[in-house]
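Taking it in order: structure first as structure tokens, then the write-up.
Please treat every number below as a calculation from the coordinates, not as lab data. Since this is a predicted model, take the numbers as computed values, not measurements. Don't worry about glycine lacking a Cβ; one is built from the backbone with ideal geometry, like all the others, and counts go over all protein chains shown.
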Amino acid sequence: MFLQQFYTRDELSLSISAEQGSGFAKTISNDFNPIHDVDSKRFCVPGDLLFALVLERYGLSQQMRFEFSGMVSADTPLVLPESPGDQFEIADAREKTYLKVSRSGDQVQDQQILESLIKNYVFFSGQNFPHILVPLMAEKNVMINPQRPLVIYESMSLQLETLELRQPSVELAGTSLEVDGKRGNAEFKFNLVDGGKIVGTGVKTLILSGLREYQQEAIDLMVATYLDNQARHSEA
């Protein structure tokens with residue numbers, strides 16, 4: 001699958017370099033969150049890349065849930081279980097867990113279907129900022145810290161009505177943001193569409209930290225910087 005360029009595998013584990021993780025974020029997800037920049041001191045592997053690797057390795061189940069429990073640093077050896085059951089974890093060599101996966105129902109291993117779903121979902125997921133989050137923050141009169149923006153991928157779940165798929169795509173179905181002091185919980189509902197019909201649904205949740213009062217000038221600068229980075233990459 002196309003994912004092979006974004007990780008390095010040995011006999012016991014796989015690892016993702018800063019260059020590989022950043023490359024996935026920018027070229028596949030169109031995600032320019034600074035935490036995925038190669039030279040970021042807080043670099044972490046995109047959660048969407050972990051999601052993609054699970055689908056590549058184990059296939060797509062009719063019901064799936066992904067719970068992220070830690071940020072993966074560059075070059076961390078990750079152990080993917082050989083023959084997992086309906087619940088399993090992605091952890092490092094020291095057994096620190098980064099992702100918990102639960103699944104049920106029928107499965108599909110067709111690489112074309114998996115690639116289509118992965119590319120469509122991670123591109124949808126990569127549009128969280130500014131297209132989805134900024135309007136939500138404006139509505140609640142809060143914003144993330146412009147100097148240290150911290151948005152953490154908490155979980156994602158999906159449920160398919162059928163696995164008779166061809167080219168599944170992802171469409172936003174609804175958004176919400178609940179604010180509790182300096183912390184926010186954002187929820188993005190989405191539909192899985194194939195052949196013009198809704199074939200499944202899903203929910204992505206994020207944790208926003210360090211919230212403060214909304215300031216339009218600061219938001220405008222964040223958005224302009226983000227879009228400028230995006231434009232410079234596309235021109236490269």
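In sequence order, what are the phi-derived ³J(HN,Hα) couplings for the stretch 117-126 according to the Karplus relation 6.51 cos²θ - 1.76 cosθ + 1.60 with θ = phi - 60°, rounded to whole Hz, with x for glycine and proline?
The phi angles translate into 5, 4, 4, 5, 5, 5, 5, 4, 5, x Hz.
Longer than 30 Å from Cα to Cα, which of Lys41/Lys189; Lys96/Lys204; Lys119/Lys197 are they? Say none if no pair is. The partial results should precede the final answer.
Numbers: Lys41/Lys189 32 Å; Lys96/Lys204 23 Å; Lys119/Lys197 19 Å.
Violating the 30 Å limit, Cα to Cα: Lys41/Lys189.
Please give the calculated 222 nm ellipticity per residue for the chain, where each DSSP H segment of at least 4 residues contributes -39500 (n - 2.57) and the sum is spread over every residue; nearest 500 deg cm²/dmol?
-8500 deg cm²/dmol
Note down the magnitude of the dipole of the chain about its Cα centre, charges +1 on Lys and Arg C-beta and -1 on Asp and Glu C-beta and zero elsewhere, to the nearest 20 debye.
It comes to approximately 380 debye.
Spelling out what I want: for every residue of the stretch 170-180, take phi, set θ = phi - 60°, compute 6.51 cos²θ - 1.76 cosθ + 1.60 (Karplus), and round to whole Hz; glycine and proline get x.
Along the stretch 170-180, the couplings run 10, 10, 5, 10, x, 9, 7, 9, 9, 10, 9 Hz.
Any idea what diffusion coefficient the chain gets from Stokes-Einstein, in µm²/s, Kirkwood Rh on alpha carbon pairs, 10 °C, 1.306 mPa s? All intermediate terms of the calculation are to be shown ahead of the outcome.
Details: Rh = 18.4 Å.
Once the numbers are plugged in, D ends up at 86 µm²/s.
Output the relative contact order of the chain, whole-number percent, from Cα pairs under 8 angstrom with separation of 6+ residues.
Relative contact order, the chain: 18 percent.
Along each principal axis of its Cα atoms, how long is the stretch 32-114 end to end? Whole angstroms, biggest number first, please.
Ordered largest first, the stretch 32-114 gives principal extents of 41, 29, 17 Å.
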